[in-house]
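Each value in this text was obtained by applying a stated rule to the coordinates, not by laboratory testing. Computed from a predicted model, the values in this text were never measured in an experiment. When we count neighbours, we look across all protein chains shown, and the Cβ atoms used for this are built from the backbone with ideal geometry, even at glycine.
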Amino acid sequence: MNDLDWATGIGFIGMACIIAAYAYLTWKDAPNPYVLHGTNLVGASLLTVSLLYHTNWPSLVLEGFWAAIAIYGLVKAARTGKKAQEREA
């Protein structure tokens with residue numbers, strides 16, 4: 001078995017997205033929630049694709065929760081943005 005197949009490559013890209021999102025959160029004083037949660041969602045999705053091919057159930061469940069939290073963060077940011085716009089109007 002070749003360890004560096006397409007699924008592994010996708011997994012590495014997903015891993016890089018999640019690391020980049022964490023670094024962004026750490027280095028920015030006021031991180032943009034769309035960038036933060038969007039990058040986490042992309043990373044979790046790519047890792048899920050990789051894990052569906054190379055199944056590792058604990059990691060697959062973790063990525064499901066990671067994606068769900070990222071979606072919640074995006075929805076929360078969208079709702080907060082709408083409320084702020086309504087107050088300004």
If we scan segment 16-25, do we find a residue that is under 23 Å from residue 80 (Cβ atoms), touching a helix residue (DSSP H, G or I) at 6+ places or on another chain (Cβ under 8 Å), hydroxyl-bearing (Ser, Thr, Tyr) and part of a helix (DSSP H, G or I)?
-> yes
So how many residues does segment 29-49 have that are closer than 17 Å to residue 73 by Cα and more than 9 Å from the chain's Cα centre (by Cα)?
-> 6
